[in-house]
Amino acid sequence: MSSTPPMSGSEPTLPLPMRSPSARVSLLERVGGPEVVRRVTWEFYDRIGADPLLRPLFPEDMANGREKQALFLVQWMGGEPAYSARYGHPRLRRRHFPFVIDQRAAGRWLHHMAGALRATNVPEPEVAEILAALGPLAHQMVNADQDVPREPLGDVRMD
Ligand code: HEM
């Protein structure tokens, strides 16, 4: 009394539910892969470095931060989890406590991310998707009026 049809060579395989092609492809693949994300990160850090409001928040040598940001973004877009392999859980809000971040800084950060994505020719639908996700995240980093521990964390591993 099984409802399963008998196996036969002519039996068509059940079709998968219709999905838009983009739903199967990670954001990372849609932007062009890890190399593109690295280029975006380099553009982004160059913009931060030239911003008089944001530059003082960052350490003098930004090379390490640039690398970490690239590893994080690749992972966040669905690529290799190399950031977490090295540093553990991102705990982004906690990791930003040492830096006094206000609403204006969050706005500048997003502005530079938008500029970096467009300068790298990331397709506009992906730019919109990334900014829609990073907008709320950037505003969660705002901690200027909060009593949070400000001591430097460096390259600490968190779980
Ligand atoms: C809201 C404005 C933001 C400001 C002003 C800011 C600033 C900073 C600063 C100063 C650092 C330290 C860099 C270094 O040690 O060289 C940092 C690290 C980092 N930021 Fe942000 N950030 C902001 C938002 C975000 C957002 C939205 C993300 C998520 C995409 C993010 C991801 C990271 C990551 C992954 C690191 C490295 C953390 C670590 O492992 O130490 N930041 N950020």
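The values are calculated or read from the model by the stated rules, or taken from the named source; none is laboratory data. Remember, it's a predicted structure, so these values are computed and weren't measured experimentally. Here the Cβ positions follow ideal geometry from the backbone for every residue, glycine too, while neighbour counts run over all protein chains shown. All accessible areas refer to the heavy atoms of the entire protein, side chains included, with ligands and DNA or RNA removed. Shrake-Rupley method; radii C 1.70, N 1.55, O 1.52, S 1.80 Å.
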Exercise for the section: Leaving ligands, DNA and RNA out of it, work out the accessible area of His111 with a 1.4 Å probe and give it in Å² to the nearest 10. Expected result: 110
Exercise for the section: Given the peptides 97-105, 59-67, arrange them by the average over their residues of other C-beta atoms within 10 Å, most packed first. Expected result: 97-105, 59-67
Problem - Neighbour net charge for Arg91 - beta-carbon separation under 11 angstrom, K R +1, D E -1 - result: +3
Problem - Listed residues Leu117, Leu54, Leu92, most fluctuating in the chain (Gaussian network, C-alpha, under 10 Å) - result: Leu92
Practice task
Calculate what fraction, in whole %, of the accessible area of the range 30-140 sits on carbon and sulfur atoms when a 1.4 Å probe is rolled over the protein chains.
Solution key: 57
Completion exercise
Note on the range 30-140: contact order normalised by length, alpha-carbon pairs under 8 Å, 6 or more apart, percent, works out to 36
Problem - Two-site label geometry, Leu153 and Glu60: point separation in nm, points 7 Å out along Cα→Cβ - result: 2.4
Handout entry: Debye, to nearest 20: dipole size of the chain, +1 on Lys, Arg Cβ, -1 on Asp, Glu Cβ
Key = 100
Problem - Global size of the range 30-140 as Cα Rg and Dmax, reported in angstrom - result: 13.3, 35
Problem - Solvent exposure ordering (accessible area, 1.4 Å, most first) of Asp159, Asp147 - result: Asp147, Asp159
Practice task
Per DSSP H run of at least 4 residues, take -39500 (n - 2.57); add these up for the chain, divide by its residues and hand me the 222 nm value, nearest 500 deg cm²/dmol.
Solution key: -15500 deg cm²/dmol
Problem - Computed lengthening from Leu53 to Ser84, 0.36 nm per intervening residue step minus Cα-Cα distance - result: 8.2 nm
